[in-house]
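The values are calculated or read from the model by the stated rules, or taken from the named source; none is laboratory data. Keep in mind it's a predicted model, so treat the numbers as computed, not measured. For neighbour counting, all protein chains shown are included, and Cβ atoms are generated from backbone atoms with ideal geometry for every residue, glycine included. Protein only, heavy atoms only, side chains kept; ligands, DNA and RNA dropped before computing areas. Shrake-Rupley method; radii C 1.70, N 1.55, O 1.52, S 1.80 Å.
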Amino acid sequence: MSGRHLHLTKEHLEILFGKDYELTPIKNLTQPGQFAAKETVTLAGPKSVIENVRIIGPVRKETQVEILTSDAFKLGVKPVVRLSGDLKDTPGITIIGKNGTVVLKEGVIVAQRHIHLNEEQGRERNLKNGDVVNLKTTGIRSAILENVSVRVGNNGYLDCHIDQEEANALGLNSKSYVEIVR
């Protein structure tokens, strides 16, 4: 399950927290090398703000803000469902840190549901980067989730990412299993 969070460039991290600032890891995530940082920021949109938004490290080449659909309405931005890194023609937002503010012209997305795999896991399942599959859930609120993107890469690890709103609606949690169906 993925909640609201953001990824920062080194430049934006330094604007928000100070020159040569380094993120403080508090929890490793399922994808190798990624971690939840202790640091949080405030997101400010045209209508409202959301405080204590977690930063995910390490720094990236582009700043990206991932929110939930309900967050988009609260903030007053138009929700755009995209895969991570696909930021062209997305809404912007203001990010407020303890030492400064960054105004993004674009970079806000609602994350497209997706599956991460490394190359060996992809071969085992006959999946390649860019494939689109369906997922079957079980339980009292079982469903078929369509249009699930497959992301195969050297540094991936088998994991399905859906946002917190979808997971809650389906009665799923971080320990739930889903089945890939085609």
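Odds and ends about this structure:
- Boolean, residue 106 is open to solvent by 60 Å² or more (accessible area, probe 1.4 Å) and part of a loop (DSSP other than H, G, I, E, B): yes
- Criterion: under 30 Å from residue 52 (Cα atoms) and among the charged types (D, E, K, R) - qualifying residue of 124, 120, 165: 165
- Members of the stretch 136-156 found to be in a strand (DSSP E or B) and among the small types (Gly, Ala, Ser), listed by number: 149
- The stretch 65-81 residues that are on the phi > 0 side of the Ramachandran plot, paired with ones that are modelled with pLDDT of 95 or more and basic (Lys, Arg) (beta carbon under 7 Å, 6 or more apart): 76/47
- Considering each residue of the stretch 140-149 in turn, at least one proves to be polar (S, T, N, Q), open to solvent by 80 Å² or more (accessible area, probe 1.4 Å) and more than 30 Å from residue 42 (Cα to Cα).
- Residue within the stretch 151-166 that is open to solvent by less than 70 Å² (accessible area, probe 1.4 Å) and farther than 20 Å from residue 85 by Cα present: yes
- Residue within the stretch 23-43 that is free of Cβ contacts under 8 Å to residues at least 40 places away in the same chain, open to solvent by 40 Å² or more (accessible area, probe 1.4 Å), assigned to a loop (DSSP other than H, G, I, E, B) and touching a helix residue (DSSP H, G or I) at 6+ places or on another chain (Cβ under 7 Å) present: no
- Residue count for the stretch 55-85 satisfying the condition of being open to solvent by 70 Å² or more (accessible area, probe 1.4 Å) and either under 25 Å from residue 10 (Cα atoms) or not in a loop (DSSP other than H, G, I, E, B) (or both): 6.
- A count restricted to the stretch 88-106 and to residues that are touching a strand residue (DSSP E or B) at 6+ places or on another chain (Cβ under 8 Å), small (Gly, Ala, Ser) and touching a residue at least 40 places away in the same chain (Cβ under 8 Å) stands at 1.
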